[in-house]
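Chemist: Shown below is the structure under consideration.
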Amino acid sequence: MLISEKIAKMIEQMLEEQNGIAEIQRNDFANRLGCVPSQINYVISSRFSKQHGYIVESRRGGGGYIKITRVQMEGREYLMHLFASVGNSLDVPSLRAYLLSLVENGIISERHLKIFSAMLSDSALSCEGDKLVRDRLRADIFKTLLLNLI
């Protein structure tokens, strides 16, 4: 098992055991797992972001305290949370995280994930040329999709 998988699994376990809240002392956690603190940061930023339905709070000093909270929302409330978190620009990796979150929460099917991914891919939006314009257009279209799911 990769170290990133191990870190993610331990954080998920902590979230399950502590009612959706995991408090981590980054340096201690890294020492326990035999990795460097930056690996903890990577896993948290890539798997426990707002796109994945988590709120991450951190405090510098004292070994790097991090609090991860799983957002406990259902249906309409969850979709509104996602809508508010999208912002004005959306790149492909962030879109993928949002879509996976929608699948994991039973809001869309795997089939819809594939359709939405293709529809909002860089190649589908290539006529827009500029990456900034594509990312803005992608955000607008995705937010429209979310509103229609509500």
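The values are calculated or read from the model by the stated rules, or taken from the named source; none is laboratory data. What you see is a predicted model; the values in this text were computed from it and never measured. Note: ideal-geometry Cβ built from the backbone for every residue, glycine included; neighbour counts use all protein chains shown.
Chemist: If you go through region 10-17 one residue at a time, do you hit one that is more than 18 Å from the chain's Cα centre (by Cα) and exposed (fewer than 15 other Cβ atoms within 10 Å of the Cβ)?
Modeler: yes
Chemist: Of the conditions (1) outside the structural domain of Q18 (by TED's automatic domain parsing); (2) in contact (Cβ under 8 Å) with a residue 12 or more places away in the chain, A84 fails just one. Which one is it?
Modeler: A84 satisfies every listed condition except (2).
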